[in-house]
Amino acid sequence: MDKFINNYIEGFMGSVVSRNPGEKEFHQAVREVVESVAPFMMDYPNLMDQKILERIVEPERIIIFRVPWMDDRGEIQINRGFRVQASSAIGPYKGGIRFHPSVNLSIMKFLAFEQTFKNALTTLPMGGAKGGSDFNPRGKSDAEVMRFCQSFMTELFRHIGPNTDVPAGDIGVGGREIGFLFGQYKRLRDEFSGTLTGKGIAWGGSLLRPEATGYGLCYFAEQMLATRGESFEGKKVNISGAGNVAQYAAQKAMRLGAKVQTLSDSDGFIYDPEGLNEEKMAFVFQLKNIRRGRIKEYVQKYPQAQYFPGERPWRIPCDIALPCATQNEVEVADAENIVKGGAICLAEGANMPTTPEAIKIIQGAGLLYSPGKASNAGGVATSGLEMSQNSMRTSWTAEEVDQYLRRIMSDIHAACVKYGTREDGTVNYVKGANIAGFIKVAGAMADQGLV
Ligand code: NDP
């Protein structure tokens, strides 16, 4: 049977690779899901007959467009825009927009594919999508970012809507960018609707949406730790990234009693042996979100900390690793360092931050390990709550949203335990998350006929 399943997986992946040449991130994301769900599917021949998996790996629609804009010197710039609408099986397409020079079709497709399963796990009715551009907001003026966002939305607006596709933020797209995108959408459509999430509180945003991914990550990790009678209390935590997810993961981990030792950006990382506190966090919020500075400036303000240019934080020993920057940022050598440093848990805040080979090392050493599609789902879940509040024309208190968020993260954890518990009682969160997400999407597809 194992041989049969392996042949099926390799045959399936062969066809995915040849139909989508060169898209290595997409292949990586598909393989992870197929390896989890193929053994499960063998018991459901109707899913095989209906070619559910073959359909899920083919996005429902991909839009690629030109984004021309003018910089502050009056020079014309051209970027490329994307929206990958992967699946509308269980609700309107939903997923973030990323502005980063590395954005390409493979990265958009992997993110949209992952989003489909993640959104299914949240228990909310949301399909999967992702979008973005190779535009680099770093070093751009507010006026340049606004002109770019307006040009991007001038094409995107015709493909999205509150019941069609509801984008949100991601790398390089925060409150400022969502504001510019929303303003242009409203102007073109002549409609004030909940088409984007991550909006400002005064104009339809949800309390706790900025915090949700980082907080949700810590709530999920808390549940993982509890399966071994552990908690954040007194633990050393290493975090990568210094953006939205990293900042609020750091704040929550700290408030749960952990010592947060590191933050990073693409230039290097800072190590503060005394750990972050509320005052230091306030400095980081100001530095990153208002001044848009670099993380190395932390050591000018707090000289007991050290800055390591060109490095990632994983060689500093820790108990809990929370990668919150980008895909494939934990490679084999990093995973070996994390294990050697005595860690007990790695929970992903970013999407697919750990390479497949590194995951094997982490799992092989017996660490608790969760994939981003489970542990970072708090962000999109709270976007779903923002959509509900917009539809009801109401707004909930931070406590109400936090309660929903905690419950959703707990439900996702329970789903992972249900489908991922191994014979020895430990949990394979990758398998659990993939099967739980797949069951929901596959069931909806089977019900809706050949579409
Ligand atoms: P931000 O843009 O706010 O922050 C990203 C951080 O990661 C920055 O510190 C950035 O550094 C760093 N980074 C980006 N690319 C690289 C790279 N190639 N190498 C090293 N560091 C890098 O993004 P978010 O915090 O929103 O997103 C972080 C991750 O979390 C992404 O994987 C995203 O898909 C995922 N995610 C985000 C959600 C959200 O709600 N925002 C929800 C679920 C997942 P620099 O400034 O140098 O670029």
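The values are calculated or read from the model by the stated rules, or taken from the named source; none is laboratory data. Bear in mind that the values here come from a model prediction, so they are computed numbers and not experimental data. Cβ atoms come from the backbone with ideal geometry, glycine included; neighbour counts cover every protein chain shown. Heads up: the accessible areas ignore ligands, DNA and RNA and are worked out on the full protein's heavy atoms, side chains in. Shrake-Rupley method; radii C 1.70, N 1.55, O 1.52, S 1.80 Å.
Which percent of the accessible heavy-atom area of the chain goes to carbon and sulfur, probe 1.4 angstrom? Show your work: numbers first, answer last.
Details: 9180 of 18150 Å².
C and S atoms contribute 51 percent here.
Along the positive direction of the dipole of the stretch 374-451 (beta-carbon charges: Lys, Arg +1; Asp, Glu -1; about the Cα centre), which of Ser395, Thr382, Gly420 reaches farthest?
Farthest towards the positive end: Gly420.
Can you list the trypsin sites (Lys or Arg not before Pro) in the stretch 10-84 that are in a DSSP coil and have 10 or fewer other beta carbons within 10 angstrom? Before the final figure, lay out the partial values.
Values: sites: Arg19, Lys24, Arg31, Lys51, Arg55, Arg61, Arg66, Arg73, Arg80, Arg83; in loops: Lys51, Arg73.
Those satisfying the criteria are Arg73.
Starting from the stretch 271-379, pick out the GluC sites (Glu not before Pro) whose DSSP state is loop and whose Cβ has at most 12 other Cβ atoms within 10 Å. Could the numbers behind the result be given before it?
On the way: sites: Glu274, Glu278, Glu279, Glu297, Glu311, Glu329, Glu331, Glu336, Glu348, Glu357; in loops: Glu274, Glu311, Glu329, Glu331, Glu348.
Answer in residue order: Glu274.
Could you sort Thr154, Thr122 by their accessible area in this structure, using a 1.4 Å probe and putting the largest first? Write down the numbers at each step before the final one.
Details: Thr154 60, Thr122 0 Å².
The ordering from most to least exposed comes out as Thr154, Thr122.
For the cross-link pairs Lys118/Lys252; Lys94/Lys280; Lys3/Lys94, which exceed 26 Å when the distance is taken from alpha carbon to alpha carbon? It would help to have the intermediate numbers written out before the result.
Values: Lys118/Lys252 22 Å; Lys94/Lys280 34 Å; Lys3/Lys94 37 Å.
Lys94/Lys280; Lys3/Lys94, as the Cα separations exceed 26 Å there.
Put His27, His100 in order of accessible area, largest first, 1.4 Å probe: what do you get? Don't skip to the answer; put the middle values down first.
Working: His27 30, His100 75 Å².
From most accessible down to least: His100, His27.
Could you compute the net charge surrounding Arg228? Neighbours are other residues with a C-beta less than 15 Å from the C-beta of Arg228; K and R count +1, D and E count -1. Intermediate values should be presented prior to the final figure.
Details: positive: Lys235, Arg422; negative: Glu222, Glu230, Glu233, Asp319, Asp424.
Around Arg228, the surrounding residues sum to -3.
Considering only protein heavy atoms, what per residue accessible area in square angstrom results for the stretch 1-112 with a 1.4 angstrom probe? Present the calculation step by step, with values, prior to reporting the outcome.
Details: 5310 Å² over 112 residues.
Heavy-atom accessible area per residue stands at 47 Å².
If DNA, RNA and ligands are ignored and the probe is 1.4 Å, what is the ranking of Trp396, Trp203 by accessible area, most exposed first?
Values: Trp396 40, Trp203 80 Å².
Listed by decreasing accessible area, they come as Trp203, Trp396.
Extending each Cα 7 Å along its Cβ direction at Met392 and Met13, get the distance between those two points in nm, one decimal.
4.5 nm
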